[in-house]
Amino acid sequence: MGKALVALAVVALVAAYLRGVAGRLDRLHVRIEAARDALDAQLVRRTSAAIDLAHAGILDPATSVLLAEEAYGAQTAGERDRPRAESELTGALNAALPDEVTVEVLNSSARGQELLNGLAVACGRVVLARRFYNDAVRTTQVIRRRRLVRWLRLAGTAPFPESFEMDDHPPRSLGLAA
């Protein structure tokens, strides 16, 4: 009777542990979905700010065309091509705002100042949103790589999370720390 009780207690403890791990994985997957939604929203906001800047008529025509083209490319990119398209938009933003002198000239008008402030905020938020998303992905990947989690399929049918790798360094001329 005593051995059966000990065995039952051990089984109950193991079951509670496994339930806890499965619950944590579920919460992490929900966190990843929320972080991905937030990242998507910030990428859309940055793209919108870049399009507004390109169409404002305050940049030279060639820069406006380049910036608009990359912004529309990021806006219409499929899920698979999105990191590359967003990186190309980052490159276009860095090319459009190469130095502080350019930013000063653009800031001389109220419209330019408004557009650059919106772009700076959007770029900063993209950096933070991507960092939060990739941190959640990394945490989940660590747990999902555990042998016991894989053997017992505690992650269920959720796909293995992938990080979102892109160049998100905002133009230095905007004064944001990268």
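Would you pick out the residues in segment 133-171 that are touching a residue at least 12 places away in the same chain (Cβ under 8 Å) and either among the hydroxyl-bearing types (Ser, Thr, Tyr) or within 29 Å of Glu100 (Cα to Cα) (or both)?
The answer is Tyr133, Thr139, Thr140, Ser163, Glu165, Met166, Asp167, Asp168, His169, Pro170, Pro171.
Name every residue in segment 65-122 that is more than 14 Å from His169 (Cα to Cα), of a type in the set (Asp, Glu) and surrounded by 15 or more Cβ atoms within 10 Å (Cβ to Cβ), in order of residue number.
Glu70 - this is the single residue of segment 65-122 that is more than 14 Å from His169 (Cα to Cα), of a type in the set (Asp, Glu) and surrounded by 15 or more Cβ atoms within 10 Å (Cβ to Cβ).
Tell me the residue from Val137, Val149 that is modelled with pLDDT of 95 or more and either over 18 Å from Glu33 (Cβ atoms) or β-branched (Val, Ile, Thr) (or both), please.
Details: Val149 fails: modelled with pLDDT of 95 or more.
Step by step, each of Val137, Val149 is checked, and only Val137 is modelled with pLDDT of 95 or more and either over 18 Å from Glu33 (Cβ atoms) or β-branched (Val, Ile, Thr) (or both).
Quickly run through segment 87-107 and pick out the residues that are within 24 Å of the chain's Cα centre (by Cα) and assigned to a helix (DSSP H, G or I).
Those that are within 24 Å of the chain's Cα centre (by Cα) and assigned to a helix (DSSP H, G or I): Ser87, Glu88, Leu89, Thr90, Gly91, Ala92, Leu93, Asn94, Ala95, Ala96.
Specify the residue that is surrounded by the most Cβ atoms within 10 Å (Cβ to Cβ); the eligible residues are those in segment 159-178 that are aliphatic (A, V, I, L, M) and either modelled with pLDDT under 85 or part of a helix (DSSP H, G or I) (or both). Steps first, please.
Of the residues in segment 159-178, the ones aliphatic (A, V, I, L, M) are 166, 174, 176-178.
Those left that are additionally either modelled with pLDDT under 85 or part of a helix (DSSP H, G or I) (or both): 174, 176-178.
On the way: Leu174: 19, Leu176: 15, Ala177: 7, Ala178: 11.
That would be Leu174.
Within the group Ala12, Ala4, Ala62, Ala34, which residue is out of contact with any helix residue (DSSP H, G or I) (no Cβ under 9 Å at 6 or more places or on another chain), of a type in the set (A, V, I, L, M, F, W, C), surrounded by fewer than 17 Cβ atoms within 10 Å (Cβ to Cβ) and closer than 30 Å to Ala155 by Cβ? Spell out how you get there, then give the answer.
On the way: Ala4 fails: closer than 30 Å to Ala155 by Cβ; Ala62 fails: closer than 30 Å to Ala155 by Cβ; Ala34 fails: out of contact with any helix residue (DSSP H, G or I) (no Cβ under 9 Å at 6 or more places or on another chain).
Unique residue meeting the criteria: Ala12.
The values are calculated or read from the model by the stated rules, or taken from the named source; none is laboratory data. Please read all numbers here as calculations on a predicted model, not as lab measurements. As a convention, Cβ positions derive from the backbone with ideal geometry for all residues, glycine included, and neighbour counts pool all protein chains shown.
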